[in-house]
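The values are calculated or read from the model by the stated rules, or taken from the named source; none is laboratory data. Here the structure is a predicted model, which is why all the values come from computation and not from measurement. Neighbour counts run over all protein chains shown; Cβ positions are idealised from the backbone, glycine included. Quick note on the areas: whole protein, heavy atoms, side chains included, nothing else; ligands and nucleic acids left out. Shrake-Rupley method; radii C 1.70, N 1.55, O 1.52, S 1.80 Å.
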Amino acid sequence: MFKECCAPIDTLHLAIYNFKRSWMSNLISVDDALARILAHIEPLEAERVPLLDALDRVLTEDVIADSNIPPFDNSAMDGYAVVAADTQSPPVTLRVIGEIAAGATCSDICVTSGSAIRIMTGAPMPAGADAVVRFEQTSESDHVGAHGRAPLRRDSVDVFTTICAGDNVRRAGEDVSCGAVVLHAGALMRPQEIGMCAALGHSRVNVHRKPRVAILATGDELVGVDEPIGAGKIRNVNEWTIAALVLRYGGLPLCLGIARDTIEHLKTKVEEGLALRPDLMLTSAGVSVGDFDIVKDVLASEGRMEFWSVAIKPGKPMAFGHINAVPLIGLPGNPVAAMVSFEQFVRPALLKMAGHRNWRKPTVTAIADEAIENSGRRNYVRAVVRRCAGEYRVRTSGEQGSGVLTSMVRANGLLIVPEGISHIHVGDHVEVQILDWMFEM
Ligand code: AMP
Ligand code: MG
């Protein structure tokens with residue numbers, strides 16, 4: 001906060017001082033900022049994609065089974081298909097009348113009382129048989145044990161156990177019955193949903209389109225990752241972290257490179273970005289109150305701008321608005337502040353665009369192993385969480401300056417100090433966002 005002792009001495013300074021004061025008092029909460037961003041974000045339309053491209057995306061339609069799974073009655077074990085009633089008084093010797101492998105058909109063969117068919121896991125149940133007795137419960141187990149492999153054909157088999165009708169048989173449709181809605185619109189496509197679609201013969205599915213995200217770093221001090229660093233220059237970190245986060249949360253990053261700190265160049269780069277038809281534009285830096293912080297000026301002159309100071313640490317300065325109806329989030333410049341703001345504001349926007357219905361970051365409750373002081377803003381403290389004797393314990397991962405990347409690299413979580421809380425004591429229960437957990441259950 002600005003102290004009265006720094007009070008202005010002439011008209012220009014008075015104007016700047018008043019602007020900064022009004023900006024400071026324009027502090028909004030993290031929840032308010034997020035709600036205001038999300039109010040402008042809608043799920044994107046559907047596209048039909050090859051099944052594997054649907055991974056981690058959200059279905060836009062119900063998937064209805066047009067066949068049974070499994071499609072036919074089949075054996076759940078390697079063994080003998082029998083009439084269960086024959087096994088009431090074991091041991092019993094049955095005549096072996098054939099063999100059925102997985103993938104074979106067996107319409108020409110029928111089990112009757114006193115006979116059995118050697119059958120492999122997944123092979124169709126022959127007519128007449130109502131159960132399968134496992135090899136291990138027959139005389140064949142001796143051969144498996146002694147020689148590693150049973151003889152291919154035998155004329156009879158001894159069954160040592162009583163089994164019931166239905167034992168070791170997978171009934172047609174017992175997993176999915178034809179006509180059932182197996183996946184609902186809005187479902188997240190995890191590997192198991194991909195498998196379900198494959199089982200039903202769907203090689204393409206309809207999912208929400210991926211958000212196209214234009215990324216623009218701003219700053220005269222920035223050089224590209226391959227360029228030599230001249231005097232006063234630093235490498236453009238934010239383009240990389242932001243692009244990586246966009247990818248991680250299911251977006252398509254469109255990297256625009258670096259805009260210099262002039263209105264003209266920034267406008268040119270923004271236009272370049274708009275030509276790529278993004279669903280969202282992200283900038284980094286230039287949203288604070290320095291002399292060359294011009295992102296908000298360009299937003300205001302070229303589009304509609306809401307410029308906020310958010311009660312968050314790190315990452316207080318932030319811009320949000322629209323240019324040509326494209327939402328734009330102006331992230332702070334310090335690399336960790338940009339990442340933390342991305343997690344809190346951009347990630348939910350991306351997930352909402354991609355059709356997710358829950359965009360909360362997964363958290364755990366952990367016990368603080370270290371005391372933490374706080375200014376009063378909601379503070380996302382880089383931290384290391386570990387599981388210890390059935391509970392989570394957490395401590396900071398190092399120096400917390402908003403540009404210090406090493407503590408971010410060491411961190412696996414962001415410990416949340418709620419707004420208004422000035423002190424976390426050792427032993428307090430705290431919420432920690434787990435950085436690498438993608439979706440909340
Ligand atoms: P600004 O908001 O423009 O005052 O930037 C705040 C701090 O973030 C300054 O120290 C910048 O040099 C730094 N910064 C801005 N953009 C980037 C970037 N793309 N990569 C790394 N650091 C940056
Ligand atoms: Mg700058």
Using R₀ = 41 Å, calculate the FRET efficiency as 1/(1 + (r/R₀)^6) where r is the Cβ-Cβ separation of Trp240 and Asp62; round to 0.05. 0.55
For Glu45, placing the label point 7 angstrom along Cα-to-beta-carbon and taking region 317-335, residues whose amide nitrogen sits under 17 Å are 326
Roughly what angle does helix 238-248 make with the longest principal axis of the chain, taking Cα atoms, 0 to 90 degrees, to the nearest 10? 30
Extending each Cα 7 Å along its Cβ direction at Ala76 and Arg386, get the distance between those two points in nm, one decimal. 4.3
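Which value in Å is the Kirkwood Rh of the chain over different Cα pairs? Intermediate values should be presented prior to the final figure.
Working: mean 1/r = 0.0375 Å⁻¹.
About 26.7 Å, per the Kirkwood formula over Cα pairs.
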Tell me, what HN-Hα J-couplings in whole Hz come from the Karplus equation 6.51 cos²θ - 1.76 cosθ + 1.60 at θ = phi - 60° for each residue of region 369-377, using x for Gly and Pro? 9, 8, 7, 9, 8, 9, 7, x, 6
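So which of Lys210/Lys267; Lys267/Lys352; Lys233/Lys269 end up more than 22 Å apart, counting from Cα to Cα?
Details: Lys210/Lys267 26 Å; Lys267/Lys352 28 Å; Lys233/Lys269 20 Å.
Pairs exceeding 22 Å: Lys210/Lys267; Lys267/Lys352.
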Starting from the amide H of Val223, placed 1.01 Å from N in the peptide plane, find each other amide H under 5 Å away whose residue is 5 or more places distant or on another chain. Ile234, Arg235, Asn236
Ranked highest first by the average count of other Cβ atoms within 10 Å around their residues, in what order do 212-219, 409-416, 262-269 fall? 212-219, 409-416, 262-269
Summarise the accessible area of the chain (1.4 Å probe, protein heavy atoms) by the percent that is carbon and sulfur. 54
For Gly376, distant residues with modelled amide H under 5 Å away: Gly420
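Based on alpha-carbon positions alone, could you give the equivalent ellipsoid semi-axes of region 311-441 from the gyration tensor, as √(5λ), descending, whole Å? Numbers along the way, then the final one.
Working: eigenvalues 138, 63, 32 Å².
Here the semi-axes work out to 26, 18, 13 Å.
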Just how large is the dipole of the chain about the Cα centre, in debye to the nearest 20, putting +1 at every Lys and Arg Cβ and -1 at every Asp and Glu Cβ? 700
Beyond 17 Å, how much of the Cα-Cα pair distribution for region 79-124 remains, as a whole percent? 30
Counting only the heavy atoms of the protein chains, how much of His425 is accessible to a 1.4 Å probe, in Å² to the nearest 10? 100
Would you mind calculating the gained length between Asn324 and Asp155 on full extension (0.36 nm times residue separation, minus the Cα-Cα distance), in nm to one decimal? 52.8 nm
List the GluC sites (Glu not before Pro) within region 44-95 that fall in a DSSP loop (any state other than H, G, I, E or B) and whose Cβ has at most 11 other Cβ atoms within 10 Å. Glu45
Nearest-0.05 FRET efficiency for Arg171 and Val223, computed from C-beta distance (R0 56 Å): 0.25
Whole-Hz ³J(HN,Hα) from phi, Karplus 6.51 cos²θ - 1.76 cosθ + 1.60, for region 388-403, glycine and proline x: 9, 6, x, 9, 8, 10, 9, 9, 5, 9, x, 3, 9, x, 6, x
